[in-house]
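One structure is given below, encoded as structure tokens.
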Amino acid sequence: GRVQQAQLRYPDRILDVGIQEMNMVTIAAGLAKEGFLPYVQTFGPFLCVRALDQIHNDVAYNDYPVRLIGTHAGLSSGYGPTHNTIIEFGVMNSLPNMTMVAPCDAEQCKKLLRKSLNYPKPIYIRIPRGEEPLVYTADHDYDYEIGKAIVIQEGTDLNFIATGMGVYNCVQAARQLEEKGYSVGVIDMHTIKPLDGELVRKAALETGCIVTSEEHSIIGGLGGAVAEFLSENCPTPLVRHGVNDAFGRSGTANAVLEAYGLTPEVLCDKIREALAKKH
């Protein structure tokens, strides 16, 4: 595969530690201490949960520029609650010095990786299986900065604020709602920490109503971060769309997403709920 090809091409730059996620993070911290820029990758639950002690003590506490990449994020793994990762935002947001990012598609992930080359702090990067549809146009010609959300489209009735796979669902839901006469904005909040509070405030003032969407628990997730910001800075009706306080389940990604209501159709229902709060 590609990993084996890369190992052959750069044998001194790729370290395979096997199924030793905790050691992997500590090794990365040591490399960062010596001036290297390590990128660490494994399945999400084995990174943000199993190796949390090492992430907390070795990486975040020392503020080392380690890039932690958790794959098969959200409900995209078919192996149920042990492999579904729906708590990373809450865990990583609570760590001082940590930046938490969830790109919405493969092309944006490339942009993030390029920007991460010169980013001075540790980053947790959350990506799904890699089979998700692209959100942006074919030329992918848009500016990307860690910590700066992207306005995909503007609206006057309500704003979606979404991250990761939730962005695609919001774009699809917005199209369905526009056919019914609603004007809906969509914001790609790819960086969950630090949250782009300036754009959250602007979205709230423009429409007076917000729906957040994420393939993540609504407890400690993007919705919670937006709610905290709004309650202190700009109180606004808000509805959170995501996984309600529950573990994942086994099944194909599409079946599991539908079971949890992480679809554009359910998002349309959330809009009605949010607009009812607005009025």
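The values are calculated or read from the model by the stated rules, or taken from the named source; none is laboratory data. The shown structure was predicted, so the numbers you read here are calculated from the model rather than taken from an experiment. With ideal geometry, Cβ positions are generated from the backbone for all residues, glycine too; neighbour counts draw on all protein chains shown. For the accessible areas, the whole protein counts, side chains as well, though only heavy atoms, and no ligand, DNA or RNA atoms are used. Shrake-Rupley method; radii C 1.70, N 1.55, O 1.52, S 1.80 Å.
The table for this structure:
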quantity	calculated
Residue, modelled with the highest pLDDT, within the stretch 79-95, restricted to residues that are in contact with a strand residue (DSSP E or B) (Cβ under 8 Å, 6 or more places away or on another chain) and hydroxyl-bearing (Ser, Thr, Tyr)	THR85
Every residue from the stretch 232-256 that is closer than 21 Å to ALA276 by Cα and open to solvent by less than 80 Å² (accessible area, probe 1.4 Å)	CYS234, THR236, PRO237, LEU238, VAL239, HIS241, GLY242
Index of the failed condition, ALA149 passing every other in (1) out of contact with any helix residue (DSSP H, G or I) (no Cβ under 9 Å at 6 or more places or on another chain); (2) among the small types (Gly, Ala, Ser); (3) within 19 Å of GLU198 (Cβ to Cβ)	(1)
In the stretch 176-186, the residues that are surrounded by 17 or more Cβ atoms within 10 Å (Cβ to Cβ) and either modelled with pLDDT of 95 or more or outside any loop (DSSP other than H, G, I, E, B) (or both)	LEU177, VAL184, GLY185, VAL186
GLU215 vs. criteria acidic (Asp, Glu), under 25 Å from ASN97 (Cα atoms) and surrounded by 16 or more Cβ atoms within 10 Å (Cβ to Cβ)	yes
Members of the stretch 212-246 found to be among the polar types (S, T, N, Q) and within 21 Å of PRO128 (Cβ to Cβ), listed by number	THR212, SER213, SER217, ASN244
Residue among ALA149, ALA173, ALA162 that is surrounded by 19 or more Cβ atoms within 10 Å (Cβ to Cβ), farther than 23 Å from ALA253 by Cα and touching a residue at least 40 places away in the same chain (Cβ under 8 Å)	ALA149
Residue list for the stretch 21-36, filter: exposed (fewer than 15 other Cβ atoms within 10 Å of the Cβ) and of a type outside the set (Gly, Ala, Ser)	ASN23, LYS33, GLU34, PHE36
Selected residue (criterion: least open to solvent (accessible area, probe 1.4 Å)) from residues of the stretch 37-78 that are of a type in the set (Ser, Thr, Tyr) and modelled with pLDDT of 95 or more	TYR64
Answer from LEU205, LEU195 - the residue that is open to solvent by 10 Å² or more (accessible area, probe 1.4 Å) and either on the phi > 0 side of the Ramachandran plot or over 14 Å from the mean Cα position of the chain (by Cα) (or both)	LEU205
Considering residues of the stretch 79-111 that are polar (S, T, N, Q) and closer than 13 Å to HIS216 by Cα only, the residue surrounded by the fewest Cβ atoms within 10 Å (Cβ to Cβ)	ASN84
